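*Asks:* Once you've had a glance at the structure underneath, I'll fire off some questions.
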Amino acid sequence: MNKQEFLTQLRKGLSGLPQEDIEERLTFYSEMIDDYIEEGLSESEAVSKIGSVNYVVTQILEDTPLTKLVKEKVKPNRVLRAWEIVLLVLGSPIWLSLLIAAFSIILAAYIVIWSVAVTLWSIGASFAACSLGGIISAVVFAFQGNGLTGLAVLSAGIFCAGLSIFLFFGCKAATKGILLLTKKMALGIKTLFVGKEAVQ
């Protein structure tokens, strides 16, 4: 792929962004390709060093705030006529309700996903607190002369400490997975506002 083909496909992939942002990105990648060519690479090697168009579009979308994409999408391309404004106002109870419902569903899904991570970390913290309490209680029982009770409580505390260590690694992995999932969700929502279907 040569430089012009890359920039043309990149323009198509970024069609949902504001025009000034598209031009800024195209200028940036054009200069990057030119820099690679000055370093001695061929045009196709310079383009392949940057990566595929889909990869570049995905990186740009991840860095672009969702509010900017939504604002660009809802901005009218022309001045609205009076009858269109009247229809928008009269239809607002329907489209505004649907918009609020869609936002609420997305927010609820986000909260539910992260509540799983919070719950796992809470369970891990409770096991750590139980282990600390068990060890302190074992010392108290030992000083009171209840050695067998203290030993039983100490073993329960050590068991809880092991569970909390085990859960720590599970919680860490689950949090990374949930973070990746929410990033993919956000990217999927952003993709709805950008015409990526033109990118090959």
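*Asks:* Identify all residues within segment 8-36 that are among the aliphatic types (A, V, I, L, M) and either in contact (Cβ under 8 Å) with a residue 12 or more places away in the chain or touching a Cys at 6+ places or on another chain (Cβ under 9 Å) (or both); write none if there are none.
*Replies:* L10, L14, L17, L26, M32, I33
*Asks:* Report, by residue number, each residue of segment 18-32 that is touching a helix residue (DSSP H, G or I) at 6+ places or on another chain (Cβ under 7 Å) and either in a helix (DSSP H, G or I) or polar (S, T, N, Q) (or both).
*Replies:* Result: I22, R25, L26, Y29, S30, M32.
*Asks:* Considering G188, G145, G162, which residue is outside any helix (DSSP H, G or I) and either surrounded by fewer than 13 Cβ atoms within 10 Å (Cβ to Cβ) or among the β-branched types (V, I, T) (or both)?
*Replies:* The conditions single out G145.
*Asks:* Moving on to the next point. Every residue in segment 114-158 that is of a type in the set (F, W, Y) and either touching a strand residue (DSSP E or B) at 6+ places or on another chain (Cβ under 6 Å) or farther than 30 Å from L179 by Cα (or both), please.
*Replies:* F141, F143 - these are the residues of segment 114-158 that are of a type in the set (F, W, Y) and either touching a strand residue (DSSP E or B) at 6+ places or on another chain (Cβ under 6 Å) or farther than 30 Å from L179 by Cα (or both).
*Asks:* Tell me which of these S15 doesn't satisfy, since it passes every other one: (1) part of a helix (DSSP H, G or I); (2) under 21 Å from D63 (Cβ atoms).
*Replies:* Here S15 clears every test but (1).
*Asks:* Name the pairs whose Cβ atoms lie under 6 Å apart, with the first residue in segment 86-115 and in the same structural domain as K176 (by TED's automatic domain parsing), the second of a type outside the set (G, A, S), and 6 or more positions between them or separate chains?
*Replies:* I113/I178
*Asks:* Listed residues G177, G170, G124, G188; which is under 30 Å from the mean Cα position of the chain (by Cα) and closer than 20 Å to T67 by Cα?
*Replies:* G188
The values are calculated or read from the model by the stated rules, or taken from the named source; none is laboratory data. Just so we're clear, the structure is a prediction, and the values are computed from it rather than from any experiment. Because the Cβ atoms are built from the backbone with ideal geometry, glycine has one as well, and the counts that use them run over all protein chains shown.
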